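Encoded as structure tokens, the structure appears first; notes follow it.
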Amino acid sequence: MKELINKANVLVESLPYIRNFYQKTVVIKYGGSAMVHPHLKKLFALDMVLLNYIGIKPVIVHGGGPQIGEFLSQIGKESTFVEGYRVTDEQTMDIVEMVLVGKVNKEIVSLVNQNGGKAVGLSGKDGGLIKAKKLTLSRINKKALPPEIIDLGKVGEVENIYPLIIETLQDAHFIPVIAPVGIGEKGETYNINADLVAGKIAEALNAEKLILLTDVPGIMGSDKKLIPSLKRDEIVKLKRDKVINAGMLPKVNCCLSAIDNGVGKTHIINGKIEHAVLLEIFTDTGIGTQIFNTNG
């Protein structure tokens, strides 16, 4: 009986959060171990179904780097990275689109649907969702020469988000699952970082939350301990002191852009924890790092 009462208490404790986020949009960037380990994949799908049934509107933006790398390896094509970006020629772009849109996206949609949800897969090409442009990357030359311009091929950045197709699906209680592939002005296809896409979609939807699933606990302080909550000005100081650096920088910058453009709060959490998204949304302390504006 005590176990049953504890379960009831958990439900009651979650009620204020359900009330606060009812009919609000939560954008989740899905990637890392949560997207690879079979058990975590199923739990993630169940979490999305639960959110949808209680009136919270999840929007999933997924990555797929390991899957792309595996396929390229199978055909004998080497992956080349520059500052974290995959150099993407025409052939690689075809494979990226095939893997992200044709394989990974449909697997996520299928898993959500198998677990009682109603998911629909999209890419940035659908409904003109993601208008993209070529990403320009420059590298400062140590000899004080002009910056070196690096050609990454079909790597893009978000120029505009047109969210009508997402909003239409949400109105019909579907869960949108989005592959980070955008379309250029002349119909070119671009491979875009999934964190950046998730952030821009959260901004366009005026989302209540943006949640980035990673393989680390969140933002760690200089003492190597997790920082549960950070305001914008605190983030700026940590960046200046190089406490936040390397691979965490793009994620943090994505979060800062989101809260500067209408997103309520952003979260960087460890997707290797079971039910990570639910624990972050429905508990006071959460499990990762939340980032919000000073007046948040």
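The values are calculated or read from the model by the stated rules, or taken from the named source; none is laboratory data. Remember, it's a predicted structure, so these values are computed and weren't measured experimentally. Ideal geometry is used to build each Cβ from the backbone, glycine not excepted, and the neighbour counts take in all protein chains shown. For the accessible areas, the whole protein counts, side chains as well, though only heavy atoms, and no ligand, DNA or RNA atoms are used. Shrake-Rupley method; radii C 1.70, N 1.55, O 1.52, S 1.80 Å.
Show me the ranking of peptides 174-185, 102-113, 65-76 by mean Cβ neighbours inside 10 Å, starting with the highest.
Averaged packing, sorted descending, gives the order 174-185, 102-113, 65-76.
In terms of solvent-accessible area of protein heavy atoms at a 1.4 angstrom probe, what is the ranking of Leu15, Leu205, highest value first?
From most accessible down to least: Leu15, Leu205.
Add -39500 (n - 2.57) for each DSSP H run of 4 or more in the chain, then divide by its residues: what number comes out at 222 nm, to the nearest 500 deg cm²/dmol?
Mean residue ellipticity, 222 nm, calculated: -11500 deg cm²/dmol.
Once you have the Kirkwood Rh of segment 256-296 from its Cα pairs, apply Stokes-Einstein at 37 °C and 0.692 mPa s and quote D in µm²/s.
301 µm²/s
Run through the DSSP bridge list for the chain and note the antiparallel percent, rounded to the nearest 5.
Beta bridges within the chain, antiparallel portion: roughly 35 percent.
At what distance in angstrom do the alpha carbon centres of segment 217-296 and segment 46-106 lie from each other?
Centre-to-centre distance over Cα atoms comes out at 23 Å.
Of the residues Phe21, Phe81, Phe44, which exhibits the maximal mean-square fluctuation in a Gaussian network model of the chain defined by a 10 Å Cα contact cut-off?
Evaluated over the chain, the most mobile residue of the options is Phe81.
Top mean-square fluctuation among Asp47, Asp260, Asp195, Gaussian network model of the chain, C-alpha springs under 10 Å?
Evaluated over the chain, the most mobile residue of the options is Asp260.
Which FRET efficiency, nearest 0.05, do Asn245 and Asn113 yield, Cβ-Cβ r, R0 45 Å?
Once the sixth-power term is evaluated, E becomes 0.65.
What residues of segment 250-270 lie in the reach of a label at Tyr17, counting those whose backbone N is under 15 Å from a point 7 Å from the Cα along Cα→Cβ?
Answer for this model: 265-270.
Can you tell me, using C-alpha contacts under 8 Å and at least 6 residues apart, the relative contact order of segment 173-296 as a whole percent?
31 percent.
State whether segment 1-119 is rounded, prolate or oblate according to the following rule on the C-alpha gyration tensor (a ≥ b ≥ c being the square roots of its eigenvalues): a/c under 1.5 gives rounded; otherwise a/b larger than b/c gives prolate, and the remaining case gives oblate.
prolate
Over segment 162-245, consider all pairs of different Cα atoms and compute the Kirkwood hydrodynamic radius from their mean reciprocal separation; express it in Å, one decimal.
For segment 162-245, inverting the mean 1/r across all distinct Cα pairs yields 15.8 Å.
What is the chain's relative contact order, in percent, from Cα pairs under 8 angstrom and six or more apart in sequence?
That works out to 21 percent.
Roughly how many Å² of Met93 are accessible to a 1.4 Å probe, to the nearest 10?
Using a 1.4 Å probe on the heavy atoms, I get roughly 10 Å².
Between Rg and the Kirkwood Rh of segment 172-296, both from Cα atoms, what is the Rg to Rh ratio?
0.99
State the Kirkwood hydrodynamic radius of the chain in Å, one decimal place, computed from all pairs of distinct Cα atoms.
Roughly 19.9 Å, rounded to one decimal.
For segment 22-83, which semi-axes, largest first and in whole Å, follow from the square roots of 5 times the eigenvalues of its Cα gyration tensor?
Three semi-axes, in Å: 31, 14, 7.
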